[in-house]
């Protein structure tokens, strides 16, 4: 996921500018814009420590803090916020870097079998790491497969295998995945009159329930929920699995593979040496706009709603369009326009995305927060008033997390899987 890539920027020498001025220190042979995009995504994830929702609740009359809080939380069911773009972006970028990763391994003499074995090992590590992080505060292993790392791990081997196929076959695979997944949900029966909504962790009259044909994608009454009631109870559990409170599902790894394939298409275009930088940007923008229009059409016509929590095909398409536009922006600014000084902060995070993910999702964040209260005083974060306490504490925690990542960056310590 954090593999070395072949950079494709205009050099400082071509512009007669000292390299140290144009390019802040960064690992060589990497596509800077991809690391910056990934750093932006990880910053959104790490930024949860700011707890903007707490600030908004303390200042209920402020539309400014309300807007920020909304975009730092997941929507209840349909549509999206900025925070909902973390997982698809991270997943999309796995596909983007894959052509470079495979090319790099081939250049070192790796055979197809070597690459597949390495891929399977990577997949298993990602799945196990995801389960480990989800089990940190449990009394036993929490076998769950809906988080970002396990979802990527479950689809990654399939992605690599498909990447060896011709582009036409890859496109057909994407269509089969999305249409097949849509059809499976559409054919699954809707809840009957005696359905136990309470056991499913939802309500018959929940305000976010969809109606008509779209009801096939309602929370915890769909095919993926039924699968998890069987699948997750195959593992040791403290108590029987009945439902996921957020509606997330294991089977989402299937359309998540679709997101990685969209990233693969973008990565192949990015690596194409026969096209100019401007042509690449045009491709990303065109692809992004087309996916946005298609996803919105599916949503508003009721054919398939945009729901991130169960990764509907419409969500795969719509969020993939946003990812393409993000990539166009970062590639255009960082690699084409060579505006890199501002991006150093994000580069440090993106170049060590696995370390940043573990820091954000593990116990290091809490350790730093507790240490700050010990050494600076229990109420140090009230310096601007109680409503901003989580913001003050969060900013300092983020600062120290970034210092750790910056130290690793300068020492060229990059955690890879």
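The values are calculated or read from the model by the stated rules, or taken from the named source; none is laboratory data. Owing to the predicted nature of the structure, the values given are computational and were not obtained by experimental measurement. Reconstructed Cβ throughout: ideal geometry from the backbone, glycine too, with neighbour counts over all protein chains shown.
Annotations for the structure displayed:
- Residue that is free of Cβ contacts under 8 Å to residues at least 24 places away in the same chain, touching a helix residue (DSSP H, G or I) at 6+ places or on another chain (Cβ under 9 Å) and either surrounded by 14 or more Cβ atoms within 10 Å (Cβ to Cβ) or under 17 Å from residue 248 (Cα atoms) (or both), where the choices are 105, 122: 105
- Of the criteria (1) in contact with a helix residue (DSSP H, G or I) (Cβ under 6 Å, 6 or more places away or on another chain); (2) under 15 Å from residue 167 (Cα atoms); (3) surrounded by fewer than 24 Cβ atoms within 10 Å (Cβ to Cβ), which one residue 266 fails: (3)
- Scan of region 349-388 for residues that are crowded, with 18+ Cβ neighbours inside 10 Å, under 25 Å from residue 62 (Cα atoms) and at pLDDT below 95, ordered by number: 381
- Close pairs (7 angstrom Cβ cut-off, 6 or more residues apart or separate chains): part of a loop (DSSP other than H, G, I, E, B) in region 375-387, modelled with pLDDT of 90 or more and surrounded by 11 or more Cβ atoms within 10 Å (Cβ to Cβ) anywhere: 383/392; 384/392
- For beta carbons closer than 6 Å, sequence separation of 6+ or different chains, a first residue in region 288-304 that is at positive phi and surrounded by fewer than 15 Cβ atoms within 10 Å (Cβ to Cβ) and a second that is in a helix (DSSP H, G or I) and at pLDDT 95 or above, the qualifying pairs are 302/213; 302/214.
- Test: residue in region 245-254 that is assigned to a helix (DSSP H, G or I), modelled with pLDDT of 95 or more and over 20 Å from the mean Cα position of the chain (by Cα): no
- Any hit, region 189-211, residues being surrounded by 16 or more Cβ atoms within 10 Å (Cβ to Cβ), part of a helix (DSSP H, G or I) and either touching a residue at least 24 places away in the same chain (Cβ under 8 Å) or touching a helix residue (DSSP H, G or I) at 6+ places or on another chain (Cβ under 8 Å) (or both): no
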